[in-house]
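Data block below; observations after.
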Amino acid sequence: MKKLKLFIVLGLVLILTGSVTAQLTKLYKSNMLTEADIYKNAAGVMYSKVVKFGFNKKMVDIAKGKSNVDKTKIKYNDIKNAFKELEKKYGHFKVKKVNPNIQWGDTIKVNRRTKKLVTVPDLSQQYIMEFDKLVPYDSVAAYLRTIKNVKYAEGPLIAYLTSTNPNDPWYYKSSSEGPYRWSFDVIHAQDAWDLTKGSSSIKVGIHDRFDYNIPLHNEIASKVTWESPWNTQGYHGDHGTMTAGVVGATTNNNTDIASLGWNTSLMLAEWGYPYSNITKLVDNGADIINFSWITNYDDPQLRQDIQDALAQGVILVASAGNDESPRPGVRYPAAYNFGSTGQVIAVSATIMDNGTEKFLDGFNYSPGTDPVNDPTHAFIDCAAPGANYRGLSWTSTTGTKHIWSGISVSAPFVSATVALMLAVNNSLTPNQVYDILKRTTDKIGQYSYDNNGWNRYLGYGRIDASNAVHVAAGGPTKPLNLRRVTNNQHPQLEWDANPESNIQAYWIYRSDDGGPYLKVGSVNGNTHSFIDDNVNYTKPIWEVTIKYKILARNTLGKNSAFSNIVETFGEPGIFFKSNNHNKNSLSKPISYNIRNYPNPFNPTTTIEYQIPEKSHVIIRVYNTLGEEVTTLLNGEKEAGYYNVSFDASHLPSGLYLCKLTVGNYTKVRKMMLLK
């Protein structure tokens, strides 16, 4: 390595290696975002070609709409001299204005919400430096900050996507009883968590049975803020611990299970005579009360306690019943409805049956058929997952147990969803919560829905936690019925119009061959279709997957949850390929990939590959014994799209494996030679 050269400028020591690209490692994580490529050397020094800075005075006269700065026309000599020093030490760079359409003094705006005049920061003096070579950007920025009138100077921003999967083992595990994460996936828990992971200020009361004389389970011990007198005598465990865990088990602690409510607080109240424990929950600050139990009787005291809680704005959620008799039958407290005061949200259960989510047949359903005029008999409002769930142990302070099926799981899933809703909007009334849940369900299951979107088994459908939370936060409902229709050249998407009148736009996201979803387009709120010009139908291929999903954005700047996902696999005669010749396409790939066509082939096939950055690329072909047949490529390539031909005229028919290796990345494609 060349000897380090030291430069002392205005008291700062600027260090630059003669070969900054030597032994640099590019920063990369799957959930990391950067404004420009960033590299790090063995000493931890960060390099990039971009440095951001701003001024607190007008730096240069530049026409509106222009971004490139003529450094000779800068107003202040100390800035000119500083730029000369930096150019001497680090080489040529350009200076560009970040906001070309904002002029000095543009600080009076109209608030689009209140329509009043407001003063905003002056954004006209934000600039970036674009160097021809990598530079140690912290040193450059530190030097700039010593210059008079420089307001700030920083390297490229590093950010992280906040989509978080909890690391609790049973969130991921499957067992002989079945996979457990399905209940979180169908209600789009992770998308809801992207908006909020709940708040400890929101309290869910668990009105249930706690009948084992044991301490609190470790997974809920830190989450409980209040207990009824029975519980304070040491009675915990049992059914109540299981339902409490669904709502608020400690999450992302690498132990046992995850809870939907994540940060939500818990209150524990023993079920039984007297029902005054409901009132105690209300008096001690419960925002939501979960009832994972039923009775066939319309008990007057229970009725009064329920009405009292609703009148005080507490949201109540209750199970609709398991397989007890009579079936169908009215169950309480689930069937209570007090009109404008509010109603209990009655919940039935779903099960995943061979990949299809259904109503849990054999369990209770509404005896009535008219939820508008006879809500007591047509009482079921919505459904939630209620089978093949891993819950907290009833008999121990640690561990878990399998729950085959039970509405006792479904109700707390809804209670936790409501807790997430209140975390983003704590002013929602019981009726407003009910209305949002009603409007944001998914119409799944084996039974048809009536003209009001309701049936006796699932009510208005299975909850969608993400959809409900986004609407609670002020967003529109998610777009429905996204579908792909036939188009001769490009994928064409269509979807149903949103019911809201203030939809400003729909945003379209695409995932290429398992890569991340990236925004690829948008249309105005009156348009309900989109043609992706950057993807072409061309040659046949196996195993290629393109996925789309969309969201709606309203005039308040609020987004909906994502729609359903539509997929296109490697259908016969169809191949999806980014069209680099399209003027709207990306300048370079966003991910690694390799594929070939035709497939099957005889005797030649074209292997296409893409790399998002300059890399050393190796492409080798192997037979099924793992023996190398040939090396098609072993060398440096710039970022881009490439192809190489494979001639198998000298080889026997059979399956061959084509392996792409770029650094630590590898991908293998199957190729079938048929002679």
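The values are calculated or read from the model by the stated rules, or taken from the named source; none is laboratory data. Since the structure is predicted, the reported quantities are computational estimates derived from the model, not experimental observations. Methodologically, a virtual Cβ is constructed for each residue, glycine included, from the backbone with ideal geometry; neighbour enumeration extends over all protein chains shown. Areas reflect the complete protein model, heavy atoms only, side chains present, ligands, DNA and RNA absent. Shrake-Rupley method; radii C 1.70, N 1.55, O 1.52, S 1.80 Å.
So if I check each of G362, G321, which one is within 30 Å of Y212 (Cβ to Cβ), assigned to a loop (DSSP other than H, G, I, E, B) and free of Cβ contacts under 8 Å to residues at least 40 places away in the same chain?
G362 is the lone residue from the list that is within 30 Å of Y212 (Cβ to Cβ), assigned to a loop (DSSP other than H, G, I, E, B) and free of Cβ contacts under 8 Å to residues at least 40 places away in the same chain.
Determine which single condition Y434 fails, assuming it passes every other condition in (1) free of Cβ contacts under 8 Å to residues at least 60 places away in the same chain; (2) assigned to a helix (DSSP H, G or I); (3) touching a Gly at 6+ places or on another chain (Cβ under 8 Å); (4) of a type outside the set (V, I, T).
Among (1) free of Cβ contacts under 8 Å to residues at least 60 places away in the same chain; (2) assigned to a helix (DSSP H, G or I); (3) touching a Gly at 6+ places or on another chain (Cβ under 8 Å); (4) of a type outside the set (V, I, T), the lone unmet condition for Y434 is (1).
In the stretch 585-636, which residues are part of a strand (DSSP E or B), touching a His at 6+ places or on another chain (Cβ under 9 Å) and open to solvent by less than 50 Å² (accessible area, probe 1.4 Å)?
The one that is part of a strand (DSSP E or B), touching a His at 6+ places or on another chain (Cβ under 9 Å) and open to solvent by less than 50 Å² (accessible area, probe 1.4 Å): G635.
Restricting attention to the stretch 496-527, which residues are open to solvent by 70 Å² or more (accessible area, probe 1.4 Å) and part of a loop (DSSP other than H, G, I, E, B)?
P499, S501, G514, P516, N526 - these are the residues of the stretch 496-527 that are open to solvent by 70 Å² or more (accessible area, probe 1.4 Å) and part of a loop (DSSP other than H, G, I, E, B).
Take the residues in the stretch 324-354 that are assigned to a loop (DSSP other than H, G, I, E, B) and open to solvent by 10 Å² or more (accessible area, probe 1.4 Å), then tell me which one is farthest from N431 (Cα to Cα).
Going through the qualifying residues, I end up with N354.
Is it true that some residue in the stretch 381-392 is surrounded by fewer than 20 Cβ atoms within 10 Å (Cβ to Cβ), modelled with pLDDT of 95 or more and of a type in the set (D, E, K, R)?
Looking through the stretch 381-392, none of the residues is surrounded by fewer than 20 Cβ atoms within 10 Å (Cβ to Cβ), modelled with pLDDT of 95 or more and of a type in the set (D, E, K, R).
Any idea which residue in the stretch 67-97 is surrounded by the most Cβ atoms within 10 Å (Cβ to Cβ), counting only those that are modelled with pLDDT of 90 or more and aromatic (F, W, Y)?
Among them, the one singled out is Y90.
Listed residues V60, V50, V20; which is buried (at least 17 other Cβ atoms within 10 Å of the Cβ) and modelled with pLDDT under 80?
V20
Please go through the stretch 551-577 and pick out each residue that is surrounded by 18 or more Cβ atoms within 10 Å (Cβ to Cβ) and either modelled with pLDDT under 50 or of a type in the set (D, E, K, R) (or both).
R553, G570, F575, F576, K577
Give the residues of the stretch 211-238 that are open to solvent by 50 Å² or more (accessible area, probe 1.4 Å), more than 21 Å from N263 (Cβ to Cβ), part of a loop (DSSP other than H, G, I, E, B) and among the polar types (S, T, N, Q), sorted by residue number.
N213, Q233, listed by residue number.
Regarding A411, is this residue surrounded by fewer than 23 Cβ atoms within 10 Å (Cβ to Cβ) and of a type in the set (A, V, I, L, M)?
no
So which pairs qualify, if the first residue must be in the stretch 232-251 and without any contact (Cβ under 8 Å) to a residue 40 or more places away in the chain and under 23 Å from L316 (Cα atoms), the second must be in a helix (DSSP H, G or I) and charged (D, E, K, R), the Cβ gap must be under 9 Å, and the two must be at least 6 apart or on different chains?
Pairs found: T250/E219.
Among the numbered conditions (1) open to solvent by less than 40 Å² (accessible area, probe 1.4 Å); (2) at pLDDT below 90, tell me where F359 comes up short.
In the conditions (1) open to solvent by less than 40 Å² (accessible area, probe 1.4 Å); (2) at pLDDT below 90, F359 misses (2) alone.
For (1) among the hydrophobic types (A, V, I, L, M, F, W, C); (2) modelled with pLDDT of 90 or more; (3) farther than 30 Å from I38 by Cα, each residue gets a yes or a no:
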residue	(1), (2), (3)
Q610	no, no, no
T631	no, yes, yes
N634	no, yes, no
S645	no, yes, yes
L651	yes, yes, yes
L657	yes, yes, yes
N664	no, no, no
K667	no, no, no
K675	no, no, yes
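Quickly run through the stretch 100-122 and pick out the residues that are exposed (fewer than 13 other Cβ atoms within 10 Å of the Cβ), under 25 Å from M59 (Cβ atoms) and modelled with pLDDT of 70 or more.
N101, G105, I108
Which is within 26 Å of G475 (Cα to Cα) and of a type in the set (A, V, I, L, M), of L281, L266, L216, L260?
L260
Which pairs do you get when a residue that is on the phi > 0 side of the Ramachandran plot, found in the stretch 645-656, comes within reach of a residue that is open to solvent by 70 Å² or more (accessible area, probe 1.4 Å) and modelled with pLDDT under 95, reach meaning Cβ atoms under 8 angstrom, with the pair 6+ apart or on two chains?
Sorted first by the residue in the stretch 645-656, then by its partner, the pairs are G654/T624.
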